[in-house]
Amino acid sequence: MIWESFGAAALGLVLAWAAVHSLADRLPSARAVYLTGVLGALFGAFLTHSALGPGHGVATLIGAVSVGAVTLSLLIRPRGRRLTRSAAAQ
């Protein structure tokens, strides 16, 4: 389990690094992105390990990357346009 945790944290860090370098203009600060990537991957590893049990190391890492990617996608802001109030809300 400890190696799965280290692997998940490393994969979350790599995933966050890729997000920062490819979507830097649409994400908040790099510190928040790295923290979200690592914590999302660790939560994904915990969730997958709890569901599948011991002995499924590769599947646990796949679950870690999946949940890490989903949590990082929640940080992405809309591209270039500012959100305005609709006419009905005014």
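A short reminder: the numbers here are calculations on the coordinates, not readings from a lab. Treat the numbers as computed from the prediction; the structure is a model and nothing was measured. Backbone-built Cβ (ideal geometry, glycine too); neighbour counts: all protein chains shown.
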Query raised in the report: Among V14, A45, L72, which residue has its Cα positioned farthest towards the positive end of the charge dipole of the chain, with +1 placed on the Cβ of Lys and Arg, -1 on the Cβ of Asp and Glu, and the dipole taken about the Cα centre?
Result: L72
**Report entry** Helix 30-52 vs. the chain, principal-axis angle (Cα, 0 to 90°, nearest 10)
**Finding:** 50
Query raised in the report: Relative contact order, percent, of the chain when contacts are C-alpha pairs under 8 Å separated by at least 6 residues?
Result: 35
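Which length gain, in nm to one decimal place, applies between R77 and L23 when the Cα-Cα distance is subtracted from 0.36 nm times their residue separation?
18.5 nm
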**Report entry** Rounded tilt (10° steps) of 2-22 against the dominant C-alpha axis of the chain
**Finding:** 30
Report summary line: Summing +1 per Lys or Arg and -1 per Asp or Glu among the other residues with Cβ less than 12 Å from D25's Cβ gives +3
Query - With Cα atoms, 0 to 90° folded angle of helix 57-73 axis to the chain main axis - result: 10
Query raised in the report: From the square roots a ≥ b ≥ c of the eigenvalues of the alpha-carbon gyration tensor of the chain, which class results: rounded (a/c under 1.5), prolate (a/b over b/c), or oblate?
Result: prolate
